[in-house]
Every structure is written in structure tokens, then in C-alpha cells.
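The values are calculated or read from the model by the stated rules, or taken from the named source; none is laboratory data. Please read these numbers as outputs of a predicted model, since none were measured by experiment. Note: ideal-geometry Cβ built from the backbone for every residue, glycine included; neighbour counts use all protein chains shown.
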Amino acid sequence: MKTTNILLSLAVPFVSINVHACPPGSILQKGNGWEGCVQISGPSPESTRRHKTQWGAIAIDGPNSAFGVSAQEDSKKRSENFALERCKADGGKNCKIKLAYYNQCASVISGDASIFVQSAETRDEAISDGLDRCRRAGDTGCSEHYSGCSLPKQVR
């Protein structure tokens, strides 16, 4: 019994417990004298997440200088109805949907003579593209009147 305890006490210092945690999406692999994390093939956890489409809309009544917008709505119809309601609340008598968009951004650019509605992947692009359209049309006083995004919403 004494001999067993002595042998165990001598062996314990040489036993190395190496706990190695790998990040999600990878596993620990060991070889002859080495170990490391290796990426698991297949979809990553990020790619299996689902996204829900989000709608936005812009309604305008130019003669009455009224407009209404909506963003982050679950459906096109709901987004358009909400934008029309806001346009009417802003004094619009003949509000019309000028743009319905989803999973992107939009801007309203007003010039001295016209209104330009633009959509794009980002807010900055929507503003820049709208300002460019206004200037190319020969309008003066081009400026951002509204910009917003309806980007996809992550769902579990």
C-alpha cells in the first residue's frame, strides 16, 4: 500500500491536464505532440439564424407639402397604410405612395422644383443617390428631407 502511494505521488506531477476551450463552430483536434481548434464544416451558427423582412413606405402630397413615412413594418400593406395616414395627418389631401421598400433604406430629397425618392442598401447611399438625381435633373437647393431604414430583423 505504501509503495502504491509513493508511486502515485511521483506520477501526479508529470500528469498534465490541459483544458483547451474552442470557440463556437470549432472542435479540439489533437495530434502527436500538438493540439488546436479546427473549424467544423457546414453552416456556422450565424448562417442558420433567420431574418424577417421589414417594410417601409413613403407617401407624398406635393401640392400640399405633406408627406408620411413608415419603417420596420411586417407587411407592405401595413407600411403603405401607415405612411398614407401620416401624410394625411401632415395636411395631405391627395397622398400617394411614392415608394414601398423592404430590407433597405430610403430618402426623400427636396429641391426647389421637385421631390426625389430614392432607395438603396444603406442610408448614406440612399441620400447620396437622391442628391445626385436632384442635381442631375438641374434642380437647385437639393437637400435631405428624410432618410430611414427598414432592415431585416433577426428572429430565432
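Values as computed for the structure displayed
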{"read-out": "Residue among Ala113, Ala100, Ala106, Ala126 that is part of a helix (DSSP H, G or I) and either among the small types (Gly, Ala, Ser) or not assigned by TED's automatic domain parsing to the domain that holds Gly56 (or both)", "value": "Ala126"}
{"read-out": "Filter result for Lys96 (in contact with a helix residue (DSSP H, G or I) (Cβ under 9 Å, 6 or more places away or on another chain), farther than 26 Å from Val155 by Cα and modelled with pLDDT of 95 or more)", "value": "yes"}
{"read-out": "Answer residue from segment 83-102, given it is surrounded by 18 or more Cβ atoms within 10 Å (Cβ to Cβ) and within 22 Å of the chain's Cα centre (by Cα) and is farthest from Pro63 (Cα to Cα) among those", "value": "Tyr101"}
{"read-out": "Some residue of segment 49-68 being in a strand (DSSP E or B) and of a type in the set (S, T, N, Q)", "value": "no"}
{"read-out": "Top-ranked residue in segment 125-156 [being among the aliphatic types (A, V, I, L, M) and free of Cβ contacts under 8 Å to residues at least 24 places away in the same chain; ranked as surrounded by the fewest Cβ atoms within 10 Å (Cβ to Cβ)]", "value": "Leu131"}
